[in-house]
Amino acid sequence: MSVTENIQASAPEDFIDVDLDEQDLTIEACSPDLEILYQDEFLVAVNKPFGLLVHRSWLDSHATEFALQKVRNQIGQYVFPVHRLDRPTSGVLLFALDKDSARNLMLQFAEHKVNKRYLAIVRGHLGDGELDYPLKEIMDKIADKKAKQDKPAQLAFSEYRCLAQTTIPIAVRPYDSSRYSLMALTPKTGRKHQLRRHMAHLRHPIIGDTSHGDGKHNAMFRDNFANQRLLLHAEFLSFRHPNSGQLLEINAPVDETFSALLTALNLAPDQA
């Protein structure tokens, strides 16, 4: 039985299953190498840029670059993805370098023993809190076409903390000015698009979210700040090392686009 088959039944939705034969694919290296945040003989963590798929997907049959193959090429060996990071989300992406480490790390994800924290810019002024709001599973049109479509909503729990707030003198109908918050978001479960859907449920959608967000505010950010991305970044990941058992804490800095927006909006924590 394969590594993925051993835990697939208990894994959350951020579990990822990739055929190892895919690693032999040749890809186009159009963008710079990925920033390596941590590496040893058992695992490697990179700072995934927004817009990069983790692996080949029917979501975009024309994509020519994937994080899996880019990391493989950079370090010169096979890698095992152990969790999912949505294409429009940037931040910490973890790979194992052998099957035993992959099994250990995927079990930690499946058993919710991994701590994750994200940064997000959301519409409006939102304070601190937590949300226990079940979510219906999002089905892939192709991958899940034979799956049961009337599954009950699944437990979904998120914590959120306000880091900074701002009001800018740009009108977005029906208001003459616009308010935003920089949030630290901590998902305690691993549902698909959980943070994006939870923020939308709270009426504070994440800026740049084209599926669950606010089109008017997304357009304002495109027009005034040339922003083309989802403003959601996986900034922190902590887990037990698969070999030593020691606690590892990995931080990923935001990219220049996100950083420039924080400064322009007066949302950088050291500005608040």
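The values are calculated or read from the model by the stated rules, or taken from the named source; none is laboratory data. Since this is a predicted model, take the numbers as computed values, not measurements. FYI the Cβ positions are ideal-geometry reconstructions off the backbone, even for glycines, and counts take in every protein chain you see. Remember, those area values only see protein heavy atoms, side chains included, never the ligands or the DNA or RNA. Shrake-Rupley method; radii C 1.70, N 1.55, O 1.52, S 1.80 Å.
With respect to F258, is the statement that it is within 22 Å of the chain's Cα centre (by Cα) and open to solvent by less than 10 Å² (accessible area, probe 1.4 Å) true?
yes
Given the structure, is E235 open to solvent by 20 Å² or more (accessible area, probe 1.4 Å) and in contact (Cβ under 8 Å) with a residue 60 or more places away in the chain?
Answer is yes for this residue.
I need every pair where a residue in the range 186-209 that is within 21 Å of F221 (Cβ to Cβ) and of a type in the set (D, E) has its Cβ under 7 Å from the Cβ of a residue that is open to solvent by 10 Å² or more (accessible area, probe 1.4 Å) and assigned to a helix (DSSP H, G or I), sequence separation at least 6 or different chains.
D209/R196
Being more than 27 Å from H241 (Cβ to Cβ) and either charged (D, E, K, R) or modelled with pLDDT of 95 or more (or both) is the filter; apply it to the range 51-87 and report the residue that is most open to solvent (accessible area, probe 1.4 Å).
Result: R56.
Under the condition of being of a type outside the set (A, V, I, L, M, F, W, C) and in a loop (DSSP other than H, G, I, E, B), which residue from the range 88-101 is least open to solvent (accessible area, probe 1.4 Å)?
Here the residue is T89.
Is it the case, given these coordinates, that V122 is farther than 28 Å from G215 by Cβ and at pLDDT 95 or above?
So V122 does not fit the description; no.
Output the number of residues of the range 102-118 satisfying the condition of being open to solvent by 20 Å² or more (accessible area, probe 1.4 Å) and of a type in the set (A, V, I, L, M, F, W, C).
The total comes to 1.
Any residue at all in the range 243-252 that's open to solvent by less than 60 Å² (accessible area, probe 1.4 Å), out of contact with any Asp or Glu (no Cβ under 9 Å at 6 or more places or on another chain) and closer than 28 Å to L135 by Cβ?
Within the range 243-252, one or more residues are open to solvent by less than 60 Å² (accessible area, probe 1.4 Å), out of contact with any Asp or Glu (no Cβ under 9 Å at 6 or more places or on another chain) and closer than 28 Å to L135 by Cβ.
Output yes when any residue across the range 136-156 is in a strand (DSSP E or B), of a type outside the set (D, E, K, R) and modelled with pLDDT of 95 or more, and no when none is.
no
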